[in-house]
Structure formats: C-alpha cells, structure tokens
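The values are calculated or read from the model by the stated rules, or taken from the named source; none is laboratory data. In this text the structure is predicted, and so the values were computed from the model without any measurement. Cβ: placed from backbone, ideal geometry, glycine included. Neighbour counts: every protein chain shown. For the accessible areas, the whole protein counts, side chains as well, though only heavy atoms, and no ligand, DNA or RNA atoms are used. Shrake-Rupley method; radii C 1.70, N 1.55, O 1.52, S 1.80 Å.
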Amino acid sequence: MKILFIHNKYKQYGGEDVAVELETEVLIKKGHEVRSILFDNTTIGSFFSKITAGFRSVYNFSSARLISKAILQFKPDVIHIHNLFFAASPSVIYAANKHKVPVILTLHNYRLICANALLLRNNQVCELCTQKKIPLAGIKYKCYRDSSVASALVTAITGIHKISATWKNKVSTYITLNEFSRSKLLHSSLGVPEHKMITKPNFIPDPGEGNSDRENFFLFAGRIAKEKGVHVLAKAFTYMPGYKIIIAGDGPERKLLQENFSPYSNIFFAGQMEKKQVSEYMKKCKAFICPSIWYEVAPLTIIEAFATGTPVIASRLGSMAETIIDGFNGLHFTAGDADDLRKKIELFMKATEQHSMFYKNARQTYQQKYHEDIHYNAVLKIYEDAIGKNNA
C-alpha cells in the first residue's frame, strides 16, 4: 500500500511530530511505501501580522498545487493528514478529493472547535465555542496567541470550512485518540457523521519493562506550560519535603516556576531530555504524574509510562480519567487541586504491598492497548476501509 503523510510541524517539536514519525516507521517496517510532505510554521509570527497572508490558511493554493503534484508522482492509495494548520491549510484536502484519493485526518487536539485547540481559558475548561459554526467568544477573549486578530483568523479558517461542509463531506475518516475526544467532537458544530469518526489510540515501540525496585522519586515529563498543570504538581510537593519530583522538559512556564520553587530541594527541574533518558527515568521512578488542567487528548508520556510498567497519577479529567483506571494502573486526583494530588501521592506511598500490582497492571495496559502491533492492525483496517468505500 502507498501512504502519503501530510503534517504541518509546530514551532516547538512535540507529541504530534513524534506520532507522525512513529507511524511512518512502523508502516515502512511492515513493507508499505510511505512518503511524507511536511509543512512548517516557523514564520507564524510574521504570517499572522498581515491579514492577507493569514487568510492563506483558509485555502493555500501553493499547498494544494504541491499536494496535487505529489499525488500525480507518487500515486498514493490513501492520504493521512496529522495537522494542516497553518501553512498546509484545508486546501490539501481538496487536492486529495480532486484526484479521488481518500483522506484520513487524525485529530490530535480540539482545533476544529476551539481557537486555541485546548478547550481551556484562564486555566479553566471552556466549551463556549463548541456548538457554534462561527464562534465569537474565542475572538472576544483573544484565545489564540492572546490576539483578537489571530483568533479571528483561526476562527475564520475552521468556520468557513464548517459552513462549506469541508469537515463533514471532504474527509473520508477521522481518527480520534480516545472515546472522550470522539464524543466531544461528534457532539459539536462540525456535523461529522458518527460512522466517519473512529477511535484509535497512539502507540510507542516497546521500551522494555522498568525496574522491580523503584528509586525514591516521582516524574513529570513534557511541555512546561500552564495547561500542563506543572504549577499544581510543584505546589503539591511543597507539602511533602520527604518526596522528590523530577520535572523534565521545557516551555514558556519553566523559568518562572523554577524561580518560584527554587527554595524546595525536593523539586528538581531537569530541563529538556532526550527520549532515551526520559525512558530510563520512567523505568526507575515510583510513578509518573500527569497533572494537566485541560482535556488532554492522548499524552504519549502516559503510554510511555505504561510501557515501562510505571503507574500514572493523573487528573480526573477528560481522556485521563478514561485511560488511567483508578486503583488499577494508577490513581486519579481532582484536576487543579494540589492538596488532593498530595493525598493521592501519600496514599500511593503507603500502599507498598500494592506497588507490584500497579506496576504489573500498567505494563499489561500497554501490551493490550498501546503496543505497536495493535496499532498497525488498527490503522491498516482504517486505510483499507477508506479505500474500499472510495472505490465502491
């Protein structure tokens, strides 16, 4: 099978970029022909400074021509898009339709129904715009890049294509990464038929199981931004000087948080780490903590934790409440509540006789839901079904 991947990279390398790379690698390994066309948002600052340039994101003719040329040369059986904002634009979907190639679109966030893609405003879950084709609240509250102009442009991109039924009619199949996000997107202004939206989680290659005797620290790894709830995590550990948290990663909040919590020797900001190093920390830590305050779609770090047999203590919110089974492969705490997080960490540490059960169940969760082979079989069926319907 020939698969053409289209992905618009972000300024900062993240989980979506990793997912594209992993999916490409496994398909090539299984004998498929894969070509990737990557767009870039490195000029996003100047891009949105001019309204005329910004509106290219509604329909970028040069991107459409590039994809048409690639289709004629490569002759793909299916096109799989992971992100089309902003340089690629929805024009790439129309190019695929023109050449009668089925389109698969993975939804890694809530961009199609929310200007900032997070369903989050002022550190609180916000769903004001989900039911409106042209929502004005995102513009009013400057939800994208704290700019009413930029927010209006994002709203125009998604709204125009809602009205023109691009999202409803031009995409063969949507992939959502969990049932929670599928439900949110189905019951929104997108108007996508239920049969077009399929749940298939992300995956990672098996890194091997972690140590049976864990070291005395907890771990967070990811982007240090407000929506990730690192401020909640750090605050919880100010109440527990006997427990250590290692915070791996970088982001807009790192400098401020590192300064604010510098008096606490048990809170350690380790900076950006290589994937291999993060995996080694996963295998040694007591548990991984995911304190996000937004509807996380599918953090790869949770899958990485499970793969190493590491339980996850996570916010009882969105897909995290679905992915982590409380008392089985981890624990839940109330999102944004540092004191409740503290209680759950202390509960975990007191339940020493249950630790081996938690580690075993975390590893089992990975093997049953997030293993490479399970992913490959699922995505191949999605491709085959889309091709079959397209040829019918």
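State all residues of the range 61-108 that are more than 25 Å from the chain's Cα centre (by Cα) and farther than 24 Å from Met1 by Cα; if no residue qualifies, say none.
Phe61, Ser62
Is it true that Ile71 is modelled with pLDDT of 95 or more and surrounded by 17 or more Cβ atoms within 10 Å (Cβ to Cβ)? First the steps, then the outcome.
Numbers: modelled with pLDDT of 95 or more: yes; surrounded by 17 or more Cβ atoms within 10 Å (Cβ to Cβ): yes.
Taking the combined requirement at face value, the residue satisfies it.
Taking the conditions exactly as written (farther than 26 Å from Lys350 by Cβ, polar (S, T, N, Q) and not in a helix (DSSP H, G or I)), does Ser212 satisfy them or not?
On the way: farther than 26 Å from Lys350 by Cβ: no; polar (S, T, N, Q): yes; not in a helix (DSSP H, G or I): yes.
No.
Taking the condition of being more than 22 Å from the chain's Cα centre (by Cα), modelled with pLDDT of 95 or more and not in a helix (DSSP H, G or I), how many residues in the range 139-190 meet it?
Residues flagged as more than 22 Å from the chain's Cα centre (by Cα), modelled with pLDDT of 95 or more and not in a helix (DSSP H, G or I) within the range 139-190 amount to 4.
Every residue, every condition in (1) modelled with pLDDT under 95; (2) among the acidic types (Asp, Glu); (3) open to solvent by 20 Å² or more (accessible area, probe 1.4 Å), yes or no:
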position: Arg65; (1), (2), (3): no, no, yes
position: Asp77; (1), (2), (3): no, yes, yes
position: Phe86; (1), (2), (3): yes, no, no
position: Ser91; (1), (2), (3): no, no, no
position: Ala95; (1), (2), (3): no, no, no
position: Val103; (1), (2), (3): no, no, no
position: Tyr110; (1), (2), (3): no, no, no
position: Ile113; (1), (2), (3): no, no, no
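Scan Ala248, Ala225 and give me the residue that is closer than 17 Å to Ala287 by Cα and open to solvent by less than 10 Å² (accessible area, probe 1.4 Å).
Details: Ala225 fails: closer than 17 Å to Ala287 by Cα.
From the options Ala248, Ala225, the qualifying one is Ala248.
Give me a count of the residues in the range 309-352 that are of a type in the set (Ser, Thr, Tyr) and open to solvent by 10 Å² or more (accessible area, probe 1.4 Å). Give the steps one after another, and end with the answer.
Step one: of the range 309-352, the residues of a type in the set (Ser, Thr, Tyr) are 310, 315, 319, 323, 334, 352.
Add one more test, that the residue is open to solvent by 10 Å² or more (accessible area, probe 1.4 Å), and what stays is 323, 334, 352.
Residues flagged as of a type in the set (Ser, Thr, Tyr) and open to solvent by 10 Å² or more (accessible area, probe 1.4 Å) within the range 309-352 amount to 3.
Checking the condition in contact with a strand residue (DSSP E or B) (Cβ under 6 Å, 6 or more places away or on another chain) and part of a strand (DSSP E or B), which residue from Leu331, Leu341 passes? Don't jump to the end; show me each part of the working.
On the way: Leu341 fails: part of a strand (DSSP E or B).
Leu331 is the lone residue from the list that is in contact with a strand residue (DSSP E or B) (Cβ under 6 Å, 6 or more places away or on another chain) and part of a strand (DSSP E or B).
Condition first: in a helix (DSSP H, G or I) and modelled with pLDDT under 95. Can you find one or more residues in the range 32-44 that meet it? Full working, then the answer.
In the first step, residues of the range 32-44 are kept if they are in a helix (DSSP H, G or I); the result is 44.
Keeping just the survivors that are modelled with pLDDT under 95 gives 44.
Yes, the range 32-44 has at least one match.
Quick test of your reading of the structure: Leu300 fulfils all but one of (1) touching a residue at least 12 places away in the same chain (Cβ under 8 Å); (2) open to solvent by 30 Å² or more (accessible area, probe 1.4 Å). Name the failing condition by number.
(2)
A quick yes/no check of all residues on (1) part of a helix (DSSP H, G or I); (2) touching a Ser or Thr at 6+ places or on another chain (Cβ under 6 Å); (3) without any contact (Cβ under 8 Å) to a residue 40 or more places away in the chain:
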site: Ile246; (1), (2), (3): no, no, yes
site: Ser265; (1), (2), (3): no, no, yes
site: Gly309; (1), (2), (3): no, no, no
site: Met357; (1), (2), (3): yes, no, yes
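So which pairs qualify, if the first residue must be in the range 221-237 and in contact (Cβ under 8 Å) with a residue 12 or more places away in the chain and closer than 9 Å to Leu341 by Cβ, the second must be among the basic types (Lys, Arg) and in a helix (DSSP H, G or I), the Cβ gap must be under 6 Å, and the two must be at least 6 apart or on different chains?
Filtered contacts from the range 221-237: Ala236/Arg342.
Scan the range 218-244 for residues that are in contact with a Leu (Cβ under 8 Å, 6 or more places away or on another chain) and part of a strand (DSSP E or B) and jot them down.
Passing the criteria: only Phe220.
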